[in-house]
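Working notes, beginning with the structure itself.
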Amino acid sequence: MMNSYGNLFKITLYGESHQKAIGVVIDGMPAGIKIDETKITNDLKLRQSGAIGTTPRKETDVFEITSGVFNGFSTGSPIHLMIENKDVKSSDYEHLIKQPRPGHADLVSKIKYQGFQDYRGGGRFSGRLTAPIVAAGAIAKMILPFAFHHELVQVGLLRDMSKLDAYLSDIQKQGDSVGGIIEITVKNMTIGLGEPFFNKLDAEIGKMMFSIPAVKGVEIGSGFSGIELKGSEFNDEILNEKGKTKTNHSGGISGGISNGNDLVVKVFIKPTSSIQKPQETFNFENKDVEKLEIGGRHDVCIARRAGIVLENAIAIVLADLYLLNQAYQMQKKD
């Protein structure tokens, strides 16, 4: 299970940043679902670099589906989707064997895997592995009746996204990086997704969000800003028999179960750890703390490309819980 997520809609992620390919196996996709490859391609494009502040690494993310789809429809068997890694420069990472990067998984992976880990490009810990998550999420959306949206609402100290290019250009000149906050909204939600305790919808979302590299904070609805409200203000007054509420401080979840209102999730993506500015870090060869210049090709702000990753990761969670809820409702009818 360490490389898999889900029960009825289950994904298994494989590959590393500089291996020949990365990909995902999707098990539990119902048969007869139209698989729109254009939608997968469009979502993958939203994740690609090119804008100011993103990595110069250019991966086309052309994918190949080798099983589970026939004549444009899901067959009911596992779907295997593969993406080749084309633009790799592994030599950029050779010096990091002896000097682990601050903020990265270099040190913990070296110790946990006794030096056998693939350190190139961050290996298994790389944000490169979010590409197959985007693809799997695009497929998950094909069975869901919900409408998804994501928005970058803050980058570093900047809240006016119309000034984002200039802001990131300045950060880039400093050889530094910044984080960001992304808000994901899911509309047309149904009531009943999630369970009262260990499979709460918000708990599953939190687990999935924290599985994405660089995520360091997750809020549902009003989140931490709710500390400023009293119970009489925070409570969402119910307006009709369908559960529509006057406010949505709970972010569409009550007692761990979707309540039919918009699902609202905010996620904090930390500043990119690999920066051009020299840093101090331990050298395993010399057994001392020394200056490290990382080099390589890295994002100034990962959050600029992460919105579709988070959106589609939430779609994977919802697809699993949606199928579970459908199975539960069918059981009740029997």
Greater than 31 Å separation of Cα atoms is the criterion. Which listed pairs, Lys45/Lys244; Lys98/Lys200; Lys86/Lys277; Lys110/Lys291; Lys20/Lys270; Lys39/Lys266, meet it? Lys45/Lys244; Lys98/Lys200
Under the rule of at least 5 residues apart or a separate chain, name every residue whose amide H is placed under 5 Å from the amide H of Gln154. Ile181
Please arrange Asp288, Asp118, Asp165 by how many other C-beta atoms lie within 10 Å of their C-beta, fewest to most. Asp288, Asp165, Asp118
Note down the Stokes-Einstein diffusion coefficient of region 7-62 in µm²/s, whole number, using a Kirkwood radius over alpha carbon pairs, 25 °C, and 0.890 mPa s. 177 µm²/s
Which value, in debye to the nearest 20, gives the size of the charge dipole of region 70-171 about its Cα centre, when Lys and Arg are +1 and Asp and Glu are -1 at the Cβ? 340 debye
Which order, highest average first, do 49-61, 305-317 follow once you tally other Cβ atoms within 10 Å for each residue and take the mean per peptide? 305-317, 49-61
With each pseudo-label sitting 7 Å past Cα toward Cβ, what's the Lys287-Gln329 distance in nm, one decimal? 6.6 nm
How high is the relative contact order of region 70-158, in percent, counting Cα pairs under 8 Å that sit 6 or more residues apart? 24 percent
Pick the calculated Cα Rg over 2.2 N^0.38 Å for this structure from (i) 0.91; (ii) 1.05; (iii) 1.13? (ii)
The chain: angle of helix 164-173 to the longest principal axis, Cα-based, in degrees nearest 10: 30 degrees
Between region 143-209 and region 264-334, what is the separation of their alpha carbon centroids in Å? 11 Å
For His149, what is the net charge nearby, where nearby means another residue's Cβ is under 9 Å from its Cβ and Lys, Arg count +1, Asp, Glu -1? -2
Contour minus end-to-end for Glu64 and Asp170, with contour as 0.36 nm per residue of separation and end-to-end as the Cα-Cα distance? 34.3 nm
Arrange Tyr14, Tyr113 by Cβ neighbour counts within 10 Å, fewest through most, would you? Tyr113, Tyr14
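A short reminder: the numbers here are calculations on the coordinates, not readings from a lab. All figures in this text were calculated on a predicted structure; none of them were measured in a lab. Neighbour counts run over all protein chains shown; Cβ positions are idealised from the backbone, glycine included.
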